[in-house]
1. If the cut-off is 17 Å between C-alpha atoms, which aspartates and glutamates fall inside it for LYS132, apart from same-chain ones fewer than 8 positions away?
2. Assuming R0 = 25 Å, what is the FRET efficiency of LYS119 and GLU79, from their Cβ-Cβ distance, to the nearest 0.05?
3. Leaving out ligands, DNA and RNA, what percent of the accessible area of region 44-158 is carbon and sulfur, probe 1.4 Å?
4. Tell me the mean residue ellipticity at 222 nm calculated for the chain from its helices only (DSSP H runs of n ≥ 4, each -39500 (n - 2.57), averaged over every residue, nearest 500).
5. Might you tell me the accessible area per residue for the chain, computed with a 1.4 Å probe and given in Å²?
6. So, R0 is 22 Å and r is the distance between the beta-carbons of ASP52 and ALA156; what FRET efficiency does that work out to, to 0.05?
7. For the chain, taking Cα atoms only, what is the radius of gyration to one decimal and the Dmax to the nearest whole Å?
8. From the Cα gyration tensor of region 1-91, with a ≥ b ≥ c the square roots of its eigenvalues, which class applies: rounded if a/c is under 1.5, or else prolate if a/b is larger than b/c, or else oblate?
Amino acid sequence: MTDSATATNHDLVIERVINATPDKLFRAWTEPALLRQWFCPKPWQVTVAETDARAGGSSLIVMHGPNGEEMPNRGVYLEVVKDRRIVATDAYTTAWEPSEKPFMTVIVTFEPLADGQTKYTACARHWTAEDKQTHVEMGFHKGWGLATNQLEELVARM
């Protein structure tokens, strides 16, 4: 979501052409066994992945770092269009319960291209400019870039 009609100054975006069909990328985002394999940059790892990929469904992804760090991420899916689009937010946890501190909404799109390729766009839309800056300082570009590399490697094997 980078066009001027929808982008905000609170967005951070990763956009790539990936040599895989949209259905493979969608599966990698929604199937827990696949999501565990790519979602966070190594040496971090996903130890819990629970997804109920439907509008109103919840998710829980827990990442663990090499020094014992734990980063749980709870959220709710706002929109799910099979093989095309996923919108989820951490503003809510399970059953539409507000989270303590909303940080972002994630908008992922899978646009089919020629020759079985996909234009992949992952947008992190933050609630405030400060949240966006915090995410930049956390290493958004490097971290999400490495995770996207891992995603590309995974779907190439599928």
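1. Correct list for LYS132: ASP11, ASP90.
2. The pair LYS119/GLU79 has a calculated efficiency of 0.85.
3. Values: 3200 of 6140 Å².
Percent of accessible area from carbon and sulfur atoms in region 44-158: 52.
4. Result for the chain, helices only: -8000 deg cm²/dmol.
5. Normalised by residue count, the accessible surface of the chain is 53 Å².
6. It comes out at approximately 0.20.
7. Looking at the chain, its Cα Rg and Dmax stand at 14.9, 44 Å.
8. Values: a/c = 1.44, a/b = 1.40, b/c = 1.03.
Here region 1-91 falls in the rounded category.
The values are calculated or read from the model by the stated rules, or taken from the named source; none is laboratory data. These numbers were taken from a predicted model, which means no experiment stands behind them. In this analysis, Cβ positions are derived from the backbone assuming ideal geometry, glycine residues included, and neighbour counts consider all displayed protein chains. Surface accessibility is based on the protein's heavy atoms, side chains included, excluding ligands, DNA and RNA. Shrake-Rupley method; radii C 1.70, N 1.55, O 1.52, S 1.80 Å.
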